[in-house]
Every structure is written in C-alpha cells, then in structure tokens.
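Only one structure is covered here, and it is reproduced in the block below.
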Amino acid sequence: MYKPLFRLQAIGVLLMTVTLYSQTQAQKIVIAHRGASGYLPEHTLQAKAMAYAMGADYIEQDVVMTSDDQLIVLHDITLDRTTNVAEQFPNRIRDDGRFYAIDFTLDEIRQLKASEGFEIENGVKVQSFANRFPMGASSFSVPTLAEEIELIQGMNKSTGTDIGIYPEVKSPEFHREAGKDISTAVVKMLKAYGYTSKQDKVFLQTFSFDELKIIHDEILPAEGVELKLIQLIGGESSFPWMFEVDGMDRLASFADGIGPEKGLVILRESSKSNIEVTNLVTRAHAANIQVHPYTYRLDPGQLPGYADSFEELLELHYFRADVDGVFTDFPDRAVDFLRNRNR
Ligand code: CA
C-alpha cells in the first residue's frame, strides 16, 4: 500500500523538478538598456521609472565615479554627450576637448542638466537619434547609483514586484589609474542595499576581463558576498580565447553570463534566407553560461537586413539563437513580444 503511493509521490516530485527546471531554462528576460532610453533621455530616473512600468525584468545602470568618490549613473566617462557641461563649466575642459565626470564633484554634477544624447556638428548640437525625446526639452539630471537603486527598490515595495538591477562597472582601468577602485565601491553599495547572493536580482557586468577576475577572486570574497557576473564582449578580437572550443568553459570559472554584441550571436551578414547563428550560445549554455546580447533598437537604420521587423529580430535571437535575455532601448516591445509568444 505504502510502496506504490511513495513511488507516485516520487514521480510527482520528479515531474515537478523537471517542470521547474524547464521553466527556469525557458525564462527569457528583458533588460532595459539605460532605462527606456528609446523614449526618455538615457540613464535618467524618469527613463528608469518608465522601463519599470513597461515590465522590464532588469534595469541597467552604467556606473562611473566623481572626483569625490561618489557613484553616478552615466554611460560615458565624459559628460559631453548627455549634459550641458560645456555651457555650465566651460573652463573645466581637458586638453583633449572633453569634460570628464571624474574631474567633477557630485555637487557640481547635480548642477548639470541631462538631455537626449547629441553630437556636435559644425559647432551645433545634433541629437543622435532624431526620432527620440526632444533634446533640451523638460528637465532631467544625472542620478547617483544610490538614488537609482532606491527608486527601483521603492517601486518593488509599492508594487509588490521584484525587478532587478544590472549595473556595469565602466572603464575600471581608467578609474584605477586615477587611484579609484570603482568595483569595490559598487560591490559595497550593492551589499549595503541587500544584494549579497546569486539568488538576488542583480547582474554585475563589465567589459574588462581583468577586472571581472579581480571582482570574482578578490572583491566579492573580501566583502563576503556572491553576485552573478556578466562578461561583456564587444567583438571576437577583444578576447580571441573566449571563441575557442573551450573558451566558455574557461570563462565559466569567473562569469555566470556573457553580454555579447548581437552580431556575435547571429552574423550581421546573414540574409533572410540564410540566418547564420554562431556556436556562441550553444557553447555558452553547455558551460552553464547565460547569454544577454546588446543592443536591440527600433530607430531608423538600426534593424539588421536579415529581419523584416523588430519582432522578427527578437524571434530570431530569443528563439532561433536561444539567447536568455536582450538589452533593449525599447523594453515595452520586447515585453509584449515575449507575452504574446508565450500565450
Ligand atoms: Ca552598459
């Protein structure tokens, strides 16, 4: 009597385990790249709140340091492209013609107005993505990492959800040369806000493999925390060894995932009739490494020739190439796509 019952229970547990496993495997995520940056100026709290409301699973923060060692959320190590620093502090320009965040105190950075990104052409500011939020309209600022984490955690409390954060340590070597250990500062801050284990909703990313190793081997143990680490990969030439047969296995000692440029997953020169999926995702998954490529954009000229629509691009990457998540400036479209697909 007991024996068959026990066996049934065992099968039940087994089925549940298998289902849970396949659900975990199938759980594809949307990462809001610099927030909902297709709709509001990148890395402003407004763009992050919008990404949150759109249902992104993770919201990205690029992190750089100020002269007084404060962590701010900014994509470039310079303030030129996304603020009015040139008008506000004209004499703080370096010999190379740029304004570096690391030369400014947080107090000074708080005086800047952030805007949609722009380039200077013939002395005139030209908005980089013409169809996006009008440059100079309304009022935005450069947030600190703490302010942004508090915004996201605050919304997690008020909405009863658990949306993750996805900070990137920007140019760690540049910061080290200036005597600043930005990675330790970021890890300490994450720890202070309760991100201490691989179960917590945070991925910590960097393009520097040397820094990833330091974070993994030294900083995390020193702080007594474990975090999921992501190695960003701009191209094969950045780290040729990662593209060797055992490259992902070797990387797996340090990283939980990779964030490759999306042309490393499906070749740019693919055509509609010949979609060339590389072996990167297969190798990564075999090594238990997740794959979150960047950047999926809707702006004119941004869609690769092999896809007819943004949704087709997502279909090919999420399901033909089997990536686990995408970094997109348009999180609503990726969230809708996955919802419709899973219906
Ligand atoms: Ca980034």
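What are the residue pairs meeting all of these: first residue in segment 308-320, first residue closer than 15 Å to PHE330 by Cα, second residue basic (Lys, Arg) and open to solvent by 60 Å² or more (accessible area, probe 1.4 Å), Cβ atoms under 6 Å, and 6 or more apart or on different chains?
These pairs meet every condition: PHE310/ARG333.
Out of all the residues in segment 285-343, which are of a type in the set (Asp, Glu) and in contact with a Gly (Cβ under 9 Å, 6 or more places away or on another chain)?
Of everything in segment 285-343, those that are of a type in the set (Asp, Glu) and in contact with a Gly (Cβ under 9 Å, 6 or more places away or on another chain) turn out to be ASP299, ASP324, ASP329, ASP332, ASP336.
Determine whether segment 121-135 contains at least one residue that is modelled with pLDDT of 95 or more, away from the ligand (no atom under 16 Å from the Cβ), hydrophobic (A, V, I, L, M, F, W, C) and assigned to a helix (DSSP H, G or I).
no
Going by the structure shown, is GLU168 among the acidic types (Asp, Glu), within 30 Å of ASP69 (Cβ to Cβ) and assigned to a loop (DSSP other than H, G, I, E, B)?
It is false that GLU168 is among the acidic types (Asp, Glu), within 30 Å of ASP69 (Cβ to Cβ) and assigned to a loop (DSSP other than H, G, I, E, B).
Would you call SER238 open to solvent by 40 Å² or more (accessible area, probe 1.4 Å), of a type in the set (Gly, Ala, Ser) and closer than 16 Å to TYR294 by Cβ?
The answer is yes for SER238.
Sort through SER138, SER171 and tell me the only one that's within 16 Å of the ligand (Cβ to nearest atom) and on the phi > 0 side of the Ramachandran plot.
None of the others qualify; the one that does is SER171.
Which count do you get for residues in segment 300-343 that are under 27 Å from PHE243 (Cα atoms), more than 16 Å from the ligand (Cβ to nearest atom) and not charged (D, E, K, R)?
14
Can you work out which of the residues in segment 39-67 that are within 15 Å of the ligand (Cβ to nearest atom) and open to solvent by 10 Å² or more (accessible area, probe 1.4 Å) is farthest from VAL142 (Cα to Cα)?
TYR58
Which one is surrounded by the most Cβ atoms within 10 Å (Cβ to Cβ) among residues in segment 169-187 that are small (Gly, Ala, Ser) and touching a Leu at 6+ places or on another chain (Cβ under 9 Å)?
That would be SER183.
Restricting to segment 158-168, give me the number of residues that are more than 10 Å from the ligand (Cβ to nearest atom), open to solvent by less than 70 Å² (accessible area, probe 1.4 Å) and in contact (Cβ under 8 Å) with a residue 12 or more places away in the chain.
Selection size over segment 158-168: 3.
I need the full set of residues from segment 266-299 which are polar (S, T, N, Q), surrounded by fewer than 19 Cβ atoms within 10 Å (Cβ to Cβ) and more than 16 Å from the ligand (Cβ to nearest atom), in order please.
If the condition is that a residue be polar (S, T, N, Q), surrounded by fewer than 19 Cβ atoms within 10 Å (Cβ to Cβ) and more than 16 Å from the ligand (Cβ to nearest atom), then SER270, SER271, SER273, ASN274, THR278, ASN279, THR282, ASN288 are the ones that fit.
In contact (Cβ under 8 Å) with a residue 60 or more places away in the chain and either under 21 Å from VAL169 (Cα atoms) or crowded, with 18+ Cβ neighbours inside 10 Å (or both): does that describe ALA101?
Judged against the criteria, ALA101 is not a match.
Please go through segment 73-95 and pick out each residue that is hydrophobic (A, V, I, L, M, F, W, C), surrounded by 19 or more Cβ atoms within 10 Å (Cβ to Cβ) and more than 14 Å from the ligand (Cβ to nearest atom).
Across segment 73-95, the qualifying residues are LEU79, VAL85.
Checking THR184 against (1) within 16 Å of the ligand (Cβ to nearest atom); (2) not in a loop (DSSP other than H, G, I, E, B), only one condition comes out false. Which one?
(1)
Looking at (1) more than 27 Å from VAL202 (Cα to Cα); (2) part of a strand (DSSP E or B); (3) at pLDDT 95 or above, find the lone condition where ILE59 falls short.
Only one criterion in (1) more than 27 Å from VAL202 (Cα to Cα); (2) part of a strand (DSSP E or B); (3) at pLDDT 95 or above is unmet by ILE59, namely (1).
The values are calculated or read from the model by the stated rules, or taken from the named source; none is laboratory data. It should be emphasised that the depicted structure is a prediction, and the values quoted were computed from it without experimental measurement. Please note: Cβ atoms are built from the backbone with ideal geometry, for glycine as well, and neighbour counts cover all protein chains shown. Remember, those area values only see protein heavy atoms, side chains included, never the ligands or the DNA or RNA. Shrake-Rupley method; radii C 1.70, N 1.55, O 1.52, S 1.80 Å.
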